[in-house]
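Data block below; observations after.
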Amino acid sequence: MSTTEAVLLIVFAGLVVLILGNIAFQVTAERKNPPIGVITDCDGVRLHYIERGDAAAPCVVLFHGNGTMIQDLVLSGLVDRLAHNYRVVCFDRPGFGYSDRPRTRIWTPTTQAALFAKALDQLGVRNPVVLGHSWGTLVAIALALRSGYAVSGLVLVSGYYFPTARTDFWLMSAPALPLLGDLMRYTISPIISWAIMPKLMRTLFAPRAIPPEFKNEFPISLALRPKQLRAAAEESAFLIPAAAQLQLQYRGIRCRLGSCMERLTGSSRPTSRAASTRCCPAPCFIWSRMPVTWLPMQIRRE
């Protein structure tokens, strides 16, 4: 066996070990963190969601940001606070948590909104107030723009609304590439993600400390599964094009709208276009600064 053949054999063996290790990691993560809600089928897609509060009360629908899942909204206390007065429905968006993300569709905000309109209709949800956080704001906006589904109000938290020149999202998009991205997600991407996660968490919550509940209870291992890394990478790649497309339709929003840029201002004041373009990169967690009393106040104004 030549030196070249020996090197190739070692590389191949190393890749196989990494792939098997990441598959085992994914299985272990899912065993330790089973679904916390209900799994339903909508338009051929498996969706995981939770429902809280009085089914007869006005409904609030929550969409999380990129890289995270339902638990972000639950651990923040937002779901429980809202459930005192409202029916609350919170989804894992496609590819996150326990919701599927079939490759047969391009999961833009508009595509996701079409799926959620059908899912909400199946659940009997009519005229909800919709909260979107970070990347989820684009889904919330796309849902409000749909002619076939009525939304009574929007609450947009730390969103990205206008395209800007930035490299961070493109750099984070590599795991979404066909073949090469698949290889990355099952070999080096989870390892790199584990390595940078502590610093990333400190950065996302700065200048505050990471809340103990989040540090101890958020299932980070689920967020680092290969299949969720693909969803996060795709949404990084779609971010700027999606904002560019939706900005042309903002004037078509007819429902009441509230905006909160908690990560930059620490307040519930609506933000300017310039401020909104500086949204922090994914993953982005909702509860580092958002005052949980703010959202019910906004809903009551609707």
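Overview of values
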| quantity | calculated |
| --- | --- |
| Lys/Arg +1, Asp/Glu -1 at C-beta; the chain dipole; positive extreme among Ala24, Ile191, Gly77 | Gly77 |
| Using alpha carbons only: equivalent-ellipsoid semi-axes of the range 1-91, gyration tensor based, whole Å | 45, 13, 11 |
| Diffusion constant of the range 103-175 at 37 °C, which comes from Stokes-Einstein with the Kirkwood Cα-pair radius and 0.692 mPa s, µm²/s | 244 |
| Cα centroid of the range 32-57 to Cα centroid of the range 236-253, whole Å | 27 |
| Listed residues Asp182, Asp121 arranged by accessible area, highest first, probe 1.4 Å | Asp121, Asp182 |
| For the range 19-174, convex hull volume per residue from C-alpha positions, Å³ | 135 |
| Surface per residue (accessible, 1.4 Å probe) for the chain, Å² | 46 |
| Where Leu246, Leu8 fall by accessible area, highest first, once all protein chains stay in place (1.4 Å) | Leu8, Leu246 |
| Environment charge at Ile50 (Cβ cut-off 14 Å; Lys +1, Arg +1, Asp -1, Glu -1) | -1 |
| Net dipole in debye of the chain [+1 Lys, Arg Cβ; -1 Asp, Glu Cβ; about Cα centre; nearest 20] | 800 |
| Debye log10 I(q)/I(0) for the chain, one point scatterer per Cα, at q = 0.15 Å⁻¹ | -1.20 |
| Nearest-ten-degree value, helix 189-205 long axis tilted from longest Cα axis of the chain | 40 |
| Percent accessible area from carbon and sulfur atoms, the chain, protein chains only, probe 1.4 Å | 61 |
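The values are calculated or read from the model by the stated rules, or taken from the named source; none is laboratory data. None of the values given here were measured: they were computed from a predicted structure. Please note: Cβ atoms are built from the backbone with ideal geometry, for glycine as well, and neighbour counts cover all protein chains shown. Keep in mind that these areas ignore ligands, DNA and RNA; they rest on the heavy atoms of the full protein, side chains included. Shrake-Rupley method; radii C 1.70, N 1.55, O 1.52, S 1.80 Å.
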